[in-house]
Amino acid sequence: MSENQDLDKSEKATPHKLEEARKKGQASKSIEINTILQLLAFSSLIIALGPKVITQFSDVFKQIFNFSSQFVYNIENIFKWFLHIAFSTIAIVLPIYLINLVIGVVSTMFQTKPIFSTHPLKPDFKKLNPVNGFKKIFSMRTLFELFKALLKIVAVGSIFYIGFSILFPSIQTLMYVSSNTITTQIISILSAIAFLTILFLFPISLIDFLFSKWEFAKKMRMSKRDVKEEHKRREGHPEVRSKRKELHQELVAKTTSLSKVKDSDVIITNPTHFAVALKYDKLKMAAPIVVSKGTGELARKIKELGRANNKTIIRKPPLARLLYKKTAIGSAVSEESFDEIAEIYRWLISEGKV
């Protein structure tokens, strides 16, 4: 069943699904890239700071040996010297450690972009499922890790063989060189070993990076049905979208129609909940039309504009509700309301209000 589901997932992950995965702390990341960048940084630090670091360590040991003859051996003194050696070592090593830590963070951010999520910290009991654990034993990732481990064994063996062949003469000369030049020699040997390590591990890191990208893309793949369902969840069903669009257009029409209240002949009200403004031009219209209508706050604004422009406001609740529900803005009044509206217009004409 799972294999069939994987075969159905033929579509690339949508941006929305990738963003949701990021929120859960899921992203493509290669550990080997981090390792090689940290190794490169460490090698650079050895070349740049190696002599200084060795000199600092030498000074620490000189202090130990110089004071050993005068040292009073008791618990308090031993504890003090232990703290002194520990803090001296930390002061020497800490900058190198922090730089490597920063390199690790930056290389991770370079691959995944800034991402923060507490989701991976939440307990997931599915991970305790023995069936899932058994599947992982024979997964593509497990086979790849095995392949990668074999490559590393070959790489380490090659580094030892080539390094020993090339560097053995230099190592032999260490016992004959002066103390002033031994530091330079050690740095050169360590730098050469680091260079060989990077040279052999770089192809492995590149393969791991590409595989991680491919594996994550495969994991995020979606079926055509998944894509459709996501689209429906985000955009809504076509019927809902159509209704939402219709309601939006109606609201816009009602709001913009307020500007036409000043041109209306009469406003029919509920009196508080509904307001409908009518306009009639016997030369252009077969029947009066609704130029504006509204309920609640919009009805209140229509009445305010009507009063401000000296428009006649008539209270006829049943007619106001009928016009509001049956007649759209810009449309002629319905036949069922025509007689009552005709009576209103006859009165308006007799009073000289239109």
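Miscellaneous remarks
- Sparsely packed trypsin sites (Lys or Arg not before Pro) within region 262-347, loop by DSSP, other Cβ within 10 Å at most 13: Lys282, Lys284
- Taking every alpha-carbon pair within region 206-317, the share separated by more than 20 Å comes to 60 percent.
- In percent, rounded to a whole number, the relative contact order of region 252-350 is 30, using alpha-carbon pairs under 8 Å and six or more apart.
- Partner lysines for Lys62 [C-alpha distance under 16 Å; skip if fewer than 8 residues away on the same chain]: Lys52
- Principal axis dimensions, largest first and in whole angstrom, of region 252-350 by Cα: 30, 24, 24
- Label separation (Phe195 vs Lys282): 10.6 nm, computed from points 7 Å beyond Cα along the C-beta direction.
- Contour minus Cα-Cα distance for Ile314 and Ala217 (0.36 nm per residue): 28.2 nm
We did not get these values from a lab; they are worked out from the coordinates using the rules stated. Please read all numbers here as calculations on a predicted model, not as lab measurements. With ideal geometry, Cβ positions are generated from the backbone for all residues, glycine too; neighbour counts draw on all protein chains shown.
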